[in-house]
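Worksheet for the structure shown next.
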Amino acid sequence: MTATLLLVLALSVVIGLSLGVLGGGGSILTVPILVYVAGFEAKEAIAASLFVVGVTSAVSVISHARGGRVMWRTGLIFGAAGMAGAFVGGLLGGHIPGQILLIAFAIMMVATSVAMLRGRKKTNDDGAAPVKHELPLGRVLLDGAVVGLVTGLVGAGGGFLVVPALALLGGLPMSVAVGTSLVVIAMKSFAGLAGYLTTVQLDWGLTLSVTAAAIIGSLIGSKLAGRIPEAALRKAFGWFVLAMGTFVLTQQAPEDLRLIIVAVVAALAVAAAGICWFFVSSCPLRNSRNLTRNGQPSSA
């Protein structure tokens with residue numbers, strides 16, 4: 001039991017590291033750790049993950065804010081819109097079988113990872129990086145409500161959906177999307193937790209221990225976040241979510257379907273990576289054509 005507890009706490013540091021560096025992935029790690037290592041029931045693990053991720057995100061956002069990587073207006077409005085949806089999702093989740101919740105959880109992770117690996121199509125000809133700006137109120141409210149409902153239902157803090165929503169749909173730089181997502185995650189996590197606590201009881205001793213270890217990891221991760229290239233950060237997030245989603249999905253699927261699931265996910269990953277490579281490798285060709293069309297030489 002002591003060895004198991006030490007393993008859970010060590011893995012909890014990784015939970016915080018994921019939140020600090022990627023702005024998400026906390027619940028993606030916490031739920032499997034609590035289910036498959038600590039022995040929690042699915043609903044208890046989901047509820048506990050909301051507390052762990054909510055507290056850890058609230059602490060981690062401080063370092064990101066000091067580094068100028070938080071868009072407060074966008075984060076607070078997105079989070080407020082998501083809180084109502086997360087609370088309703090938490091209420092509904094308490095009445096849905098745990099296996100169904102975990103399967104839905106895994107499918108969303110795989111879909112999101114493919115979107116992150118594929119990247120956002122650039123609409124500008126010069127390939128300029130995303131600009132740091134506050135997002136339109138209507139879009140923030142709509143995205144926040146939808147993401148809040150979905151993530152509250154499956155018990156996730158929502159980083160693996162919030163970061164893509166801010167980076168892919170909203171056009172924020174990845175580092176800013178990471179910092180801003182922590183504000184949203186903290187708000188929605190506590191709202192979702194309130195919904196789950198109406199039907200679920202937690203082991204508060206272990207939950208608080210996991211939270212303390214995760215905070216340590218988040219403080220380390222937030223120091224590293226602003227120093228990692230945006231492209232590398234997005235790809236790391238995508239591959240990480242894909243691996244964890246595949247693991248959870250295969251664990252919940254019938255044994256005779258597991259190889260098929262792995263094959264399908266692998267095909268999606270190869271397709272996403274291929275699309276990403278095509279856009280990256282074709283950028284110099286597009287830029288060369290643009291320079292020639294503007295009357296400028298395409299080479300020195």
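A short reminder: the numbers here are calculations on the coordinates, not readings from a lab. Bear in mind that the values here come from a model prediction, so they are computed numbers and not experimental data. All Cβ positions, glycine included, derive from the backbone under ideal geometry; neighbour counts span all protein chains shown.
Using r as the Cβ-Cβ distance of residue 220 and residue 146, and R0 as 41 Å, what FRET efficiency do you calculate, to the nearest 0.05? Display every interim value, and only then the final one.
Values: r = 32 Å, r/R0 = 0.79.
The calculated FRET efficiency here is 0.80.
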For residue 73 paired with residue 95, estimate the spin-label separation in nm (one decimal), with each label point 7 Å from Cα along the Cα-to-Cβ line. 4.0
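State the extension gain, in nm to one decimal, for the chain segment bounded by residue 235 and residue 255, taking 0.36 nm per residue of separation less the distance between their alpha-carbons.
Values: separation 20, 0.36 × 20 = 7.20 nm, distance 2.99 nm.
This chain segment gains 4.2 nm when fully extended.
Using a Förster distance of 30 angstrom, determine the FRET efficiency expected from the C-beta separation of residue 227 and residue 247, and round it to 0.05.
Numbers: r = 29 Å, r/R0 = 0.95.
The calculated FRET efficiency here is 0.55.
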Compare the peptides 236-247, 54-65, 199-210 by average per-residue count of other Cβ atoms within 10 angstrom and give them in order, highest first. 54-65, 236-247, 199-210
Once both label points are put 7 Å beyond Cα along the C-beta direction, the residue 204-residue 267 separation in nm becomes 5.0
Nearest 0.05, what FRET efficiency do residue 9 and residue 137 give at R0 = 35 Å with Cβ-Cβ as r? 0.25
